[in-house]
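Take this structure, written in structure tokens, and hold onto it; I'll ask about it next.
Read the figures in this text as sums done on the coordinates, not as results from a lab. Everything numeric here is computed off the predicted structure, so don't read it as measured data. Virtual Cβ from ideal backbone geometry, glycine too; neighbours counted across all protein chains shown.
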Amino acid sequence: MTRASSSLRRPEAAPRSLSRETRLYIARQVVPILFGLLVASSSFAQPRPATSQIDVADLNRQIRGLLQREVTARVTDINTLDPPPERVVGALTTGEFSWGTFMRSLGAFSEYFGTRTIAGSDVPEMIGRMAQIELSQGGKSWAQLYAAMALQSLGTDLNRNALWQSLTPDETQSYRTLLGH
């Protein structure tokens, strides 16, 4: 048994202790996804374990399973983004559910799990459409931050960034507008 605070492991890595940089990398990937899911839904209350020690591999498996279930449920529930649905998994998309937060969650999920598709949907394409929704609804500050973070999750080289490359010239200009450029 190891302490829960000893960190999560990426599936391909199995060392007993991880470097500070690795722990920070993992935290940067998992925390935004969890935050986005918690904002989007309040149905995450789980009883705490009776002991203060849990198996790290088991915790990692549980967290990965939770992320996969919850993100997949939301992506599956979005049948179209044109027009955007009024609700996603029961949450209103004007308040309880934030397109900007979900964009960031999708970007972080895609980066953490190394995938560009979720439930058969193209993540870069979805993020691009969600950016358009945020822009059309007057999204500012947090929407701008999440749009930037989602874009960065898919690569810092715009010539190779799947999201940036999937945008039309008009969509690229709109995304720049959302980012405040």
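Taking 1 over the mean of 1/r across every pair of different Cα atoms in the range 94-178, what Kirkwood radius in Å do you get?
12.5 Å
What's the exposure ranking of T72, T156, T93, going from fewest to most Cβ atoms within 10 Å?
T156, T72, T93
While we're here: If amide hydrogens are placed 1.01 Å from N in the peptide plane, which non-local residues have theirs closer than 5 Å to the one on I54?
HN-HN under 5 Å from I54: T2, A4.
Could I ask something else about it? Write out the GluC sites (Glu not before Pro) in the range 71-145 meeting two conditions: DSSP loop, and at most 10 other Cβ atoms within 10 Å of their Cβ.
For GluC sites (Glu not before Pro) across the range 71-145 that sit outside H, G, I, E and B with at most 10 neighbouring Cβ atoms in 10 Å, the list reads E86.
At q = 0.15, 0.20, 0.23 Å⁻¹, work out log10 I(q)/I(0) for the range 73-133 with the Debye formula, treating every Cα as an identical point scatterer and leaving solvent out; two decimals please.
Those come out to -0.39, -0.72, -0.96, one per q.
A follow-up question, please. Quick check on the range 61-106: what does the Kirkwood estimate of hydrodynamic radius come out to from the alpha carbon pairs, in Å?
This gives a value of 11.2 Å.
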